[in-house]
Amino acid sequence: MTERDRSAGAAATSLWRHRGFRRYLAGQSASVAGSSITSAALPVLAVLRLDATTGQVAWLAFLGQLPPALLALHAGALADRYPKRRQMVTGDLVSAAALASVPLAGALGSLTLAHLMVVAVVRGAAGVLHDAAAISLLPQLVDRSLIQRGNSRTGALFAVAATAGSTIGAALTALLGPARALLGDVASYLVSACCTARIHTRETAPAPARKERMRTEIAEGLRYVRADHRLSVLTRVNAATSLALALLNTLWAVYLLRDLEVGSTVFGVVLGVGALGAAAGAWAAPALARRYGPGPMMLGALALAPLTQLPLLLASPGPAWQVTIGAALFLQLACAGAASTTQRSIRQLVTESGMQARMQAVSTCLTSGARPAGTLLAGGLGTWVGVRPALAVGAVLLVVPFLVLARSPLRHLRHMPEPDAPADSARHPQPAPSGRRQGSMNGGAV
C-alpha cells in the first residue's frame, strides 16, 4: 500500500493530513522561498555591485529564460517516462551547486557578469527539469477530486513562502551582501531535495522500450494540446501573458532601483507585499470560481492586469509612490494567483495521467519561448526609448491575453470540469445555459 492509499481517507477531509502532500508542499515552498531570495539579491548584485547596464540586465534575464524554452518539451517527456521525484531531486542539486559558485567567486574577488550568465543558464536548465516533474506529480499524489483544493493550498503557501523569501533576501542582502545572500537559496534547494526524496507514492510512468521514441512522445504531447480546445486556448493566453510580463519584469527592478531610487531593503519589502497578493488570490480561487464561474473570474483578472501597471508608469521617487506601487503589485498578483490556480486545476483535471507532464511541457515551452523574446524586446526598448516608455509597451501587451480569452467560448465557463473528464471528450466546448451546471464537455482551461 502506498502513502497515497494510506492517506486517501484523511485527505478526503483535509489535505494537511496527507503526509506525501505535506512533504511535497514543504519542499516546493522552501524552493520558492529560496528563489525569492535570489530575486531580491540578484538585481542588486548585477545593477549596484557589478554596474550592469540595462542591456546587460536584459541579457542576464534572457539567458536564464532560454533553457525552459529549449528544453521544456524534452523535460516533460522525461517526466512522463521516468520517476518524477528523481528528476526533481536532480534538478535541485544541480541548481544548488551552480548557485553556490556565485558567493564563492565573490569571496575570491573573481565574480563577473559572465559568471552570473553561465549560472543563469545552468540554473534555468535544472529548473525546467525540476518543474516539469513537480507540476505533474501532484495529480498522482492526491485524489483527482482534490486537485483544485491542492492547487489552491499550494499556490497560497507558495506566495507566503515568496513573501518570506523576499523579506529574508532583503535582510541577507543588507547584512551579508548580495552575493552571500544567495546561500539562502542554495540551502532551500537542499531542503527541497530532501523533502522530495522522502515522498512515497506510486508513479505510473512506464519506462519506454526504446529511447528513440522521445521525439514521438514529444509529438504526441503537441498533438494532445492542439486537439483539445481548452488546452489550446490556455496555452495561447499564457504565452501572450508571458511575453508582456517578461518585458515588464526585466525592466521593473532597474526602474525601481535606479529611476525611482528605491533602496534594496524597500525593494525586497515591495516584492514581499506583492507576494501576499498572490497568496490571497490563490487561497480565494476556489470560492471565486464557484461564485462567478472560472471563465468570468479569469476574464476579470486579465482585464485588471493592465490597469495595475498605471501607478508604476506615473510614479516618481518618494515613499508615497512606493506604497502605491506595492498596493498595485498586491492587486496584480492577487489576480494572477486566482487565475493561475484555477487554470492549472482545469488543465490537470481534463488531462489523462500519462500525458500530465507533456501537457504541461507544451505550455511551458511556448510560454518560456515568449519570455526570451520579451526580455530582448525590453533590452532594446529600454536602451532606445527609455525604461518608462518600454514599461508602457509592456502594459499595453497585457491587453492581448484578455482579448484572446474574451474571443473564446471559455469566457462563459461557469463550473469546473468533472475530475475524471477525459480530454478527448471536449474538443469544442460551448457555453452552458445560465443557471445550469456544466459537465465535462463545457469545461475549459485558460
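Report yes if some residue within the stretch 342-350 is of a type in the set (Gly, Ala, Ser), in a helix (DSSP H, G or I) and under 16 Å from the mean Cα position of the chain (by Cα); otherwise report no. Taking every residue of the stretch 342-350 in turn, at least one turns out to be of a type in the set (Gly, Ala, Ser), in a helix (DSSP H, G or I) and under 16 Å from the mean Cα position of the chain (by Cα).
Does at least one position in the stretch 126-138 carry a residue that is crowded, with 20+ Cβ neighbours inside 10 Å, closer than 29 Å to Gly379 by Cβ and of a type in the set (Asp, Glu)? Checked the stretch 126-138: at least one residue is crowded, with 20+ Cβ neighbours inside 10 Å, closer than 29 Å to Gly379 by Cβ and of a type in the set (Asp, Glu). Here Ala159 passes the criteria (1) surrounded by fewer than 24 Cβ atoms within 10 Å (Cβ to Cβ); (2) within 27 Å of Leu71 (Cβ to Cβ); (3) at pLDDT below 80; (4) not basic (Lys, Arg) except the one numbered (1).
Given (1) surrounded by 23 or more Cβ atoms within 10 Å (Cβ to Cβ); (2) within 16 Å of Met88 (Cβ to Cβ), where does Ala41 come up short, assuming only one miss? Every condition holds for Ala41 apart from (2). I'm checking my understanding of the structure. Among residues of the stretch 82-134 that are of a type outside the set (A, V, I, L, M, F, W, C) and either touching a strand residue (DSSP E or B) at 6+ places or on another chain (Cβ under 9 Å) or not in a helix (DSSP H, G or I) (or both), which one is nearest to Arg49 (Cα to Cα)? For the stretch 82-134, the residue satisfying everything is Thr112. Residues of the stretch 381-398 that are at pLDDT 85 or above, assigned to a helix (DSSP H, G or I) and either loosely packed, with under 15 Cβ neighbours inside 10 Å or among the charged types (D, E, K, R) (or both): Trp384, Arg388, Pro389, Val396. Among the residues of the stretch 296-346, those identified as polar (S, T, N, Q) and touching a residue at least 40 places away in the same chain (Cβ under 8 Å) are Gln309, Ser316, Gln322, Gln332, Ser340, Thr341, Thr342, Gln343, Ser345. Of the candidates Ala301, Ala289, the single residue that is among the hydrophobic types (A, V, I, L, M, F, W, C), at pLDDT below 90, buried (at least 20 other Cβ atoms within 10 Å of the Cβ) and part of a helix (DSSP H, G or I) is Ala289.
Pairs linking a residue in the stretch 347-369 that is closer than 29 Å to Leu247 by Cα and among the hydroxyl-bearing types (Ser, Thr, Tyr) to a residue that is part of a helix (DSSP H, G or I) and modelled with pLDDT under 80, with Cβ atoms under 6 Å and 6 or more positions apart or on different chains, are Ser368/Ala69.
Residues in the stretch 307-325 include at least one that is of a type in the set (Val, Ile, Thr), surrounded by 22 or more Cβ atoms within 10 Å (Cβ to Cβ), in a helix (DSSP H, G or I) and out of contact with any Ser or Thr (no Cβ under 9 Å at 6 or more places or on another chain).
Taking (1) surrounded by fewer than 23 Cβ atoms within 10 Å (Cβ to Cβ); (2) touching a helix residue (DSSP H, G or I) at 6+ places or on another chain (Cβ under 8 Å); (3) over 27 Å from Leu377 (Cα atoms); (4) among the charged types (D, E, K, R) in turn, Arg236 satisfies each apart from (3).
Residues Ala72, Ala40: which one is more than 20 Å from Phe158 (Cα to Cα) and out of contact with any His (no Cβ under 7 Å at 6 or more places or on another chain)? First the steps, then the outcome.
Details: Ala40 fails: more than 20 Å from Phe158 (Cα to Cα).
Residue meeting the stated conditions: Ala72.
Answer with yes or no whether Ala421 is modelled with pLDDT under 85 and surrounded by 13 or more Cβ atoms within 10 Å (Cβ to Cβ). It would help to see each step written out before you state the result.
On the way: modelled with pLDDT under 85: yes; surrounded by 13 or more Cβ atoms within 10 Å (Cβ to Cβ): yes.
So Ala421 passes the test.
For the stretch 50-65, the set of residues classified as outside any helix (DSSP H, G or I), of a type in the set (Gly, Ala, Ser) and over 18 Å from Asp259 (Cβ atoms) is empty.
The values are calculated or read from the model by the stated rules, or taken from the named source; none is laboratory data. Computed from a predicted model, the values in this text were never measured in an experiment. Reconstructed Cβ throughout: ideal geometry from the backbone, glycine too, with neighbour counts over all protein chains shown.
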